[in-house]
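The values are calculated or read from the model by the stated rules, or taken from the named source; none is laboratory data. Just so it is clear, the model here is predicted, and its values are computed rather than measured. No Cβ is skipped: glycine too gets one built from the backbone with ideal geometry, and neighbour counts run over all protein chains shown. Accessible surface is based on the protein model in full, side chains and every heavy atom, while ligands, DNA and RNA are left aside. Shrake-Rupley method; radii C 1.70, N 1.55, O 1.52, S 1.80 Å.
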Amino acid sequence: MSQIQEVELSIEHAKAVIRKRDIALKLADNSDFKELVLQGYLVDEAARLAHLSADLTLTAEQRSEVLQMVQAIGFFKAYMSKHVSFGNQAERDLRDAEQTLQELHAEGED
């Protein structure tokens, strides 16, 4: 694979990562998503489960299940945040890759 092909592939990959970031940001700006997921699940449900985990009447198995549900919320939040962070980095990488591609094409013309 040539260097130009490698850079073109990295550009396509960066664009795909940026697209996922843009989807995550669009969702985060949607009022229904904010109410149901960002507030309802990531905040309210997490708090409810955290309080429930301290209930002394729960069995060890029930407590373990509750903690797994809380962890699932944390994993989902990290998943969404990852798309934003990776997308921001991909945007910077895309600019660099596009500049590199221009330089490689210019060198080929010489």
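Here is how the numbers come out for the structure above:
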{"quantity": "Selection count where residues are among the acidic types (Asp, Glu) and closer than 17 Å to Ser81 by Cα, scope the range 20-69", "calculated": "2"}
{"quantity": "Close pairs (6 angstrom Cβ cut-off, 6 or more residues apart or separate chains): among the acidic types (Asp, Glu) in the range 81-110, part of a helix (DSSP H, G or I) anywhere", "calculated": "Glu91/Ile18; Asp93/Ala14"}
{"quantity": "In the range 1-42, the residues that are outside any helix (DSSP H, G or I) and farther than 30 Å from Gln102 by Cα", "calculated": "Asn30"}
{"quantity": "Flag for Glu6 being without any contact (Cβ under 8 Å) to a residue 60 or more places away in the chain, under 20 Å from Leu94 (Cβ atoms) and open to solvent by 80 Å² or more (accessible area, probe 1.4 Å)", "calculated": "yes"}
{"quantity": "Cross-chain or 6+ apart pairs with Cβ under 9 Å, the range 24-39 first and in contact (Cβ under 8 Å) with a residue 24 or more places away in the chain and surrounded by 11 or more Cβ atoms within 10 Å (Cβ to Cβ), then assigned to a helix (DSSP H, G or I) and of a type in the set (Gly, Ala, Ser)", "calculated": "Ala24/Ser81; Ala24/Gly87; Leu25/Gly87"}
{"quantity": "Qualifying residues in the range 56-110 (those that are assigned to a helix (DSSP H, G or I) and among the hydroxyl-bearing types (Ser, Thr, Tyr)) - the one farthest from Val37 (Cα to Cα)", "calculated": "Thr100"}
{"quantity": "Residue within the range 43-53 that is outside any helix (DSSP H, G or I), open to solvent by 50 Å² or more (accessible area, probe 1.4 Å), β-branched (Val, Ile, Thr) and out of contact with any helix residue (DSSP H, G or I) (no Cβ under 6 Å at 6 or more places or on another chain) present", "calculated": "no"}
